[in-house]
Every structure is written in C-alpha cells, then in structure tokens.
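Remarks on the structure that follows.
The values are calculated or read from the model by the stated rules, or taken from the named source; none is laboratory data. Remember, predicted model here, so these are calculated numbers, not experimental data. We place every Cβ from the backbone using ideal geometry, glycine too, and count neighbours over all the protein chains shown.
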C-alpha cells in the first residue's frame, strides 16, 4: 500500500482547506502511487482546524512537508520531534522537519549539510542532536550537530571510518557509543568509537568480539550496553550478544539468543529486562517469536510470540509499560512478502501479546516516538504520519 498527499482547496471536502490522502496498491511496482492505482474508497481528508484525535487506537495527524522513508527521529527537550534525512524515492535527503504535538503541524527547520540515510540520531544531554554516518549513496564518516535554539546544523568531528547500519547509544556519562555497522571494504565492523560532546571528537574504545551490522543496542539500567544479533558476512545471522562496560571500555560475552536474528527490535522493560521481537535469518524466514534477556543472570528465555512474523518493524515502550509493535515486513503462504499495517501490544507482566488497532498505512523501516502526552508518533516507512493513543 502506497500513500500520496496533495493540498486540498477550501470547498466541500474541507471548508478551510487541508490535505487529501490517497491510498492504493503499487501494482506496477514503481514506488509511486499513480492515478490509476488510487483506491477512491480509501481517500481521506485532514482539514485545517480539525481537532486532535481522541480515543484509543491510530489516527492521522499532520502531514510531513516532504515524505520520506528510512529516516531518523528524535524527541527534543522542548517536546517537539525532529526528523531528518532519509530517502524520497531514490534521492537521499538533507532536509529536516519539526513536529509539534500541540498543533499536529510539521514545519521546516534547517537542512543537514550532507544528505544521508542509514545514519543514527542521538539526543544529547545538552538538547542538541548528533547525526553520524550513513550513506549518500557512498558511505559517510561525517557527523553533524543540530541546535534546536537556532534551528541549524554544524559539522562536528568525523568517525575514523565510513559506516552505515551501525548503532549509537547514549551513555550515562553523556558520551555516545557507536558500534558495528557496514563499511566500504565490504565487511561488517567490530570496532566501536566514543563521541565526546564536550570536545566534539571521537576516540577509539574496545572492539566488539563479533563484527555485526543490522544489530540492536540498548543501555541497561546499570549503564552497560547490550548488543544483540545482526549479520556478518563471515558467519551469517548472529544469535550472540555482548555487553559493553563504559567503566573499562571493554566488551564481554553474555548469553546467546535461542534464534539468530537481524532487523529485529530490542526494548528495555520497566523491570529491567530486555524484550527482543521479530527479525529474520533470511527473506523466507521471518520470526514472530520473542525472547527476554535478564541482565542479572545474563541469560535469555522465551516469552509469548507475536501474532504476525515481522522484520523492519518498530517497537516503543508506552507510558503504561506495554510495548507497541507496528508495521514491518512479513511473509504469508498466499501473498509472499507483504508490508504490514497491523500493530500488537506486549504485556511484560503477563508475557503475552494482544492485537492493537491497525494503522491506516502499511510501513516498514519507520520510526515510532513516544510523545510527552503519552501518544506515539509513527512516521516514514512508506506511510503518512499517524498517532497511537493507548
């Protein structure tokens, strides 16, 4: 399912004007919603002056100024959401936008110096935002800083090597740990680097035991960083996991997952355990299974499985402690590979999943950001922005 947005003049559909949303299947597979592909029964209107959505489930919100896929997003200290870069069709983007939850409106802010996708985005304690690596389409080592006060980007220190599909984790000391990724030499990286916001420079730290990209990384309650899964050309999809200790700057092996997986999600739960969900080992082997990591024991255990296998989905911890999983790629016996509109909720107390309402648009490789008002904003991935109300 593809989406197309156009301005709607004031008239019968929107008294004060607004935006028309058209949906349809990409039957000719050109990544563009052509007029002949529009399903008129699915057309929706978001009118100027429309009140904010109420009630649980998904609802449309303001449309981005520039549609984008494979983008990154960060919640700023002022409560707005910054989105930058990504891909629009085949072009990498440098543009950036801000979403205001109070009005549901997107506004343009300063553009990045270098267009990119496949990068990381990290909110720093200062309120500034760090972008690192990515591709354009050549892989990049450069990094940039966004200043919300001025709405502008500036160059900062570069990584020691070009990298894409890496991870970036904010440490308790305010530094940023970048680990793994894919480099121009055709291999996965094991190396890790630290960004110091005070000096604007990168320094080497201990390398991971296993090179990997398409992995997941998350900071645990004790300040250490857990990395799981991913892919390496030398060993294939990984089940291994490692823990980084900022005090020593070293990595140590911890328990392995039951299943090798890449392009999965990893979420820190209120009880300190970590939920891993979905992912794949190959295009034909996409998982619905989930596992729990116990940092105290250093072991994984199985938990309830999702209703749908999915990869390239998003996972967001909600204010009620449940985990919202949405979208992603799946595989069915009848339709093959499909992009999902469905969403599910994980209850960490019961260890079970339940269905959430489906999104209006199918999407993959998107981001979902928890807002200060408790709602979750889904953007990118081929769909129009939507808000989930628990």
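When the test is whether a residue is touching a strand residue (DSSP E or B) at 6+ places or on another chain (Cβ under 9 Å) and at pLDDT 95 or above, residue 337 does not pass it. Looking only at segment 72-94, residues that are under 13 Å from residue 146 (Cα atoms), free of Cβ contacts under 8 Å to residues at least 60 places away in the same chain and surrounded by 20 or more Cβ atoms within 10 Å (Cβ to Cβ) come to 1 in all. Residue pairs whose Cβ atoms lie under 6 Å apart, sitting 6 or more positions apart in sequence or on different chains, and linking a residue in segment 317-330 that is assigned to a loop (DSSP other than H, G, I, E, B) to a partner that is surrounded by fewer than 21 Cβ atoms within 10 Å (Cβ to Cβ), are 318/390; 319/374; 320/390; 321/270; 322/345; 322/347.
Take segment 278-297 and flag every residue that is in contact with a strand residue (DSSP E or B) (Cβ under 9 Å, 6 or more places away or on another chain) and either on the phi > 0 side of the Ramachandran plot or exposed (fewer than 13 other Cβ atoms within 10 Å of the Cβ) (or both).
278, 279, 282, 283, 284
Of all the numbered requirements in (1) part of a strand (DSSP E or B); (2) buried (at least 20 other Cβ atoms within 10 Å of the Cβ); (3) within 21 Å of the chain's Cα centre (by Cα), residue 300 misses one, and that requirement is (3).
Consider residue 140 carefully, then state whether it is crowded, with 18+ Cβ neighbours inside 10 Å and more than 26 Å from residue 241 (Cα to Cα). Here the answer is yes, as residue 140 does meet what is asked.
Here is the figure for segment 262-290: residues that are more than 17 Å from the chain's Cα centre (by Cα), in a strand (DSSP E or B) and under 18 Å from residue 338 (Cα atoms) total 4. For segment 344-390, residues that are within 15 Å of the chain's Cα centre (by Cα) and on the phi > 0 side of the Ramachandran plot total 4.
For segment 239-256, the condition of being touching a residue at least 60 places away in the same chain (Cβ under 8 Å), outside any strand (DSSP E or B), out of contact with any helix residue (DSSP H, G or I) (no Cβ under 9 Å at 6 or more places or on another chain) and within 21 Å of residue 315 (Cα to Cα) holds for none of the residues.
Condition check: touching a strand residue (DSSP E or B) at 6+ places or on another chain (Cβ under 9 Å), more than 26 Å from residue 273 (Cα to Cα) and surrounded by fewer than 19 Cβ atoms within 10 Å (Cβ to Cβ). Does residue 201 satisfy that? So residue 201 passes the test. The residues listed here are 112, 121; of these, the one that is in a loop (DSSP other than H, G, I, E, B) and either closer than 24 Å to residue 194 by Cα or in contact with a helix residue (DSSP H, G or I) (Cβ under 9 Å, 6 or more places away or on another chain) (or both) is 112. If you take the residues in segment 95-109 that are in a loop (DSSP other than H, G, I, E, B) and within 13 Å of residue 65 (Cα to Cα), which one is farthest from the chain's Cα centre (by Cα)? In this case the residue turns out to be 104. Exactly one residue out of 223, 229, 206, 181 is in contact (Cβ under 8 Å) with a residue 40 or more places away in the chain, surrounded by fewer than 20 Cβ atoms within 10 Å (Cβ to Cβ) and at positive phi: that is 223.
Taking the condition surrounded by fewer than 16 Cβ atoms within 10 Å (Cβ to Cβ) and touching a residue at least 60 places away in the same chain (Cβ under 8 Å), does residue 132 pass? Considered against the rule, which asks whether it is surrounded by fewer than 16 Cβ atoms within 10 Å (Cβ to Cβ) and touching a residue at least 60 places away in the same chain (Cβ under 8 Å), residue 132 comes out as no.
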